[in-house]
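In what follows, a structure is listed as structure tokens, so that the remarks can point back to it.
FYI, it's all coordinate maths here, none of it is from the lab. It should be emphasised that the depicted structure is a prediction, and the values quoted were computed from it without experimental measurement. We place every Cβ from the backbone using ideal geometry, glycine too, and count neighbours over all the protein chains shown.
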Amino acid sequence: MANKSRAEIQAWKQQLVHQAEIKLQALTTSTNFKAYLKTMAKFHHYSLRNINLIYAQDPQATQVAGFKQWQKDFSRQVTKGAKAIRIAAPITKRLTPEQQRQLGTKRDQAIVGYRYLPVFDVRHTTGKQIPQTQDFIKPELGEHANVTPLYQAFKTYLNETTNLTVTERPMTENQARGYFAPQTNEIVIDSQELDQGMRLKTLYHEYAHSQLHGLTSAFKDRPRGYQEAQAEAVAYVAMQNIGIDTGDYSLGYVATWAKDQTVIHQALSEIKQVSNKTIEISDELMQDLRREQRMWRPQNEELRQAVVPEFPVWKPEMGLAASEQIVQQKKDKTEEKYRPVSSLQEMNEGLIETPTVI
């Protein structure tokens, strides 16, 4: 860019944005829209502008960083010849008191433009392995049956920290898997749904309705198809974040969004806002679950090893003589110190046979 004129650089910037807009206008099918939502899930901490730019230039990207950042922060090298993705970085300017009055703001700085910086996707780098959130998520939550702790934690969070009420009730075959009642601010989930992953996805879906289409929402009067597509999109992004693909449903209504540039930007902005909130809650809850898992794993391993008795476990049918023999064997180890376990194990085994280290 050093040899290009200001006009050429400006035209290049406009071309990047234009390409992103063309890609957004192509979101007329469920397949295309889900591909876009996958990018949103991977880069939910980025601005919508940069999500659009990444999707337009490299839909397969999963993690991006600058050339030097890959070296400094991740001990990785960008592959020679790798093509960069350009993302927008704001250019700020300090405001004078007069400019603050003109703009009606008390902020010290304002964005006066954007520069487009090169970043590279992780698949175009080599070096030290990068720990991924998915490394925990996939083995723990990849099977739908294993999402129960997160589903229960999310439900409890909504009941205890928000003005929402989440309940479970049996529903008929003709009913949906769940619904949101704006009048009572209640989310209801089908208690007969056996697929725990589907329960969680339904909870995400109805939570999105509560945030976007409640009685006090500015968007409550949107057409039903519009609302359903938004709620499904939020649920899809949130489930992608934990490594579960629930892409077996249709998002056909998005075809109507793509016809109007203003509408699709507004729809995507609302989806991003609520999906970000949903992901933040889920990530925090998963961190709590991981801490609990780490806390209990050593104890469970210790108890698992402890319940293998060194001495026979006495049973009434063995007779008193056998009991006396077992007691004598244990007395022979009185030089060792013992640590008690649970009362149930003590009733069964007497004392745990592992000496306590003091």
Which residues qualify? For Thr92, with a placed amide H closer than 5 Å and at least 5 residues away or on another chain, they are Val112
Give me the net charge of Ile281's neighbourhood, meaning all other residues with Cβ under 13 Å from the Cβ of Ile281; Lys, Arg count +1, Asp, Glu -1.
-3
Which ³J(HN,Hα) values, rounded to whole Hz and listed in residue order, are derived for region 22-28 from phi using the Karplus coefficients 6.51, -1.76 and 1.60 in 6.51 cos²θ - 1.76 cosθ + 1.60 with θ = phi - 60°, glycine and proline given as x?
4, 4, 5, 5, 8, 7, 9
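Sorted by packing (mean other beta-carbon atoms within 10 Å per residue), highest first, where do 6-16, 43-53 land?
Those peptides, ordered most packed to least, come out 43-53, 6-16.
Can you give the local net charge around Tyr55? Use residues other than it whose beta-carbon is closer than 13 angstrom to its beta-carbon, Lys and Arg +1, Asp and Glu -1.
Neighbourhood net charge equals +4.
Pairs Lys42/Lys68; Lys23/Lys272; Lys13/Lys259; Lys68/Lys201; Lys106/Lys220: which are spaced more than 29 Å apart, C-alpha to C-alpha?
Details: Lys42/Lys68 21 Å; Lys23/Lys272 17 Å; Lys13/Lys259 24 Å; Lys68/Lys201 39 Å; Lys106/Lys220 33 Å.
With Cα atoms farther than 29 Å apart: Lys68/Lys201; Lys106/Lys220.
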Please report the net charge: other residues with Cβ closer than 14 Å to the Cβ of Gln25, K and R +1, D and E -1.
0
If you average the C-alpha positions of region 54-73 and of region 16-49 separately, how far apart do those two centres end up, in angstrom?
16
Residue-wise HN-Hα coupling along region 90-102, computed from phi with Karplus coefficients 6.51, -1.76, 1.60 (Hz; x: Gly, Pro)
x, 9, 10, 9, 6, 8, 7, x, 5, 5, 4, 5, 5
